[in-house]
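Trainee: Take a look at this one; I'll ask things after.
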Number of protein chains: 2
Amino acid sequence: MDVNAPVKVYMTRKLIGVSPDDSVKRACEVMVEFDIGSLVVVEKNRVVGFFTKSDIIRRVVIPGLPNDTPVREIMSGELITVDANTPVREVLDLMAKKSIKHMLIEEDGEIVGIFSLSDLLTASRRRLETAIAAE
Amino acid sequence: MDVNAPVKVYMTRKLIGVSPDDSVKRACEVMVEFDIGSLVVVEKNRVVGFFTKSDIIRRVVIPGLPNDTPVREIMSGELITVDANTPVREVLDLMAKKSIKHMLIEEDGEIVGIFSLSDLLTASRRRLETAIAAE
């Protein structure tokens, strides 16, 4: 992984979204189906929220909310984003400081991707494979 | 990160555990308190189970179990472990293949630590800091 490269090189461009009216249960099924730890919440083609498995633990399981609670009640409405051209090293720094495992990536005012620790794993392994191939 | 180094160099040695009779709610509170994504389940000083936030999503939230369900009903009883001397590159490979974000680390038949993607983040940043300091 070239940590000076812009984060857009390593981010995942495919954003998986649910609607604010979808239930927590439905959202969890989508997370399991796609094997992802976070979802964007989309309304009228705009990202209006975001939440992670940790948010479900904190805001659903601990208070004992039913799994038919709509996503809008537990999503984060304030989105933490970084620009797509931010160097990976800065993004990793921010994620560690904020103790978050997913970061939304913005380009020209629009959310275009997400960077997660799984992308870090993929990038680390890709680097490994390149190194092994070059041996 | 030196990917040929044994995983024990980068693993977290402090294992956070709950009892099989603790409730899912209590376990989630412990995860939030320590900001971790997995817990070992300990009975009579032995690790008898393991589970992650993903397991809670799959086995509690989706089926709609109450949060006072005991941990023993949702934990994984079969533990996936690797030896503490396994090179990090092999561990990362295994984690990617199995789509898991946490790996239990064993030494002389005993579980001595855990390696997670957060440790990968810490290690990547440590390497960064060393590189920057050497500039």
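All of the numbers you see were taken from the coordinates with simple rules; none came from a lab. None of these values were measured; they are calculated from a predicted model. Note: ideal-geometry Cβ built from the backbone for every residue, glycine included; neighbour counts use all protein chains shown.
Trainee: Place the label 7 angstrom along Cα→C-beta at residue B:68 and in each other copy, then list the distances from the first to the rest in nm, shortest first.
Mentor: Its label point is 2.2 nm from the equivalent points in the other copies.
Trainee: Counting only DSSP beta bridges with both residues in the protein assembly as shown, tell me the antiparallel percent, nearest 5.
Mentor: Roughly 75 percent of the beta bridges in the protein assembly as shown run antiparallel, per DSSP.
Trainee: Can you give the charge dipole size of chain A about its Cα centre, rounded to the nearest 20 debye, using +1 on the beta carbon of Lys and Arg and -1 on the beta carbon of Asp and Glu?
Mentor: For this selection, approximately 280 debye.
Trainee: Here's a follow-up. Any idea what the relative contact order of chain A is, in percent, if you count C-alpha pairs under 8 Å spaced at least 6 apart?
Mentor: That works out to 31 percent.
Trainee: Give the shape of the range B:12-84 as rounded, prolate or oblate, defined through the alpha-carbon gyration tensor: a ≥ b ≥ c are the square roots of its eigenvalues, a/c under 1.5 means rounded, and otherwise the shape is prolate if a/b is larger than b/c and oblate if not.
Mentor: prolate
Trainee: Still on this model: How compact is the range B:7-134 by the rule of thumb for globular proteins, expressed as Cα Rg over 2.2 N^0.38 Å?
Mentor: The range B:7-134 yields a ratio of 1.12.
Trainee: Same structure, new question: Taking beta carbons within 10 Å but only from partner chains, what does the mean come to for residues B:91-98?
Mentor: Whole-number average of other-chain Cβ neighbours for B:91-98 is 2.
Trainee: One decimal, nm, shortest first: give the distances between the label point of residue A:107 and those of the same position in the other copies, each label point 7 Å from Cα along Cα→Cβ.
Mentor: Copy-to-copy label distances at residue A:107, shortest first: 4.5 nm.
Trainee: Sorted from shortest, what are the nm distances separating the label point of residue A:35 from equivalent points in the other copies, each placed 7 Å from Cα along Cα to C-beta?
Mentor: 2.8
Trainee: If you take every residue apart from residue B:47 with its C-beta less than 15 Å away from the C-beta of residue B:47, what net charge results, scoring Lys and Arg +1 and Asp and Glu -1?
Mentor: So the environment of residue B:47 carries a net charge of -2.
Trainee: For peptide B:99-105, how many partner chain Cβ atoms fall within 10 Å of a residue's Cβ, on average?
Mentor: Taking all residues of B:99-105 together, the mean is 1.
Trainee: Just to be sure I understand the model, the point goes 7 Å from the Cα along the line to the Cβ. What's the resulting residue A:19 to residue B:33 distance in nm?
Mentor: About 4.1 nm separates the two model spin labels.
Trainee: Return the calculated 222 nm mean residue ellipticity for chain A, to the nearest 500 deg cm²/dmol, obtained by summing -39500 (n - 2.57) across DSSP H runs with n ≥ 4 and dividing by the residue count.
Mentor: Calculated at 222 nm, the ellipticity per residue is -10000 deg cm²/dmol.
Trainee: Which whole number gives the average count of other chain Cβ atoms within 10 Å of the Cβ atoms across peptide A:46-58?
Mentor: Across A:46-58, the average partner-chain Cβ count within 10 Å equals 3.
Trainee: May I have the pair-distance distribution P(r) for the protein assembly as shown, computed from all Cα-Cα distances with 10 Å bins from 0 and rounded to whole percent?
Mentor: In order of increasing distance, the bins hold 6, 28, 34, 24, 7, 0 percent.
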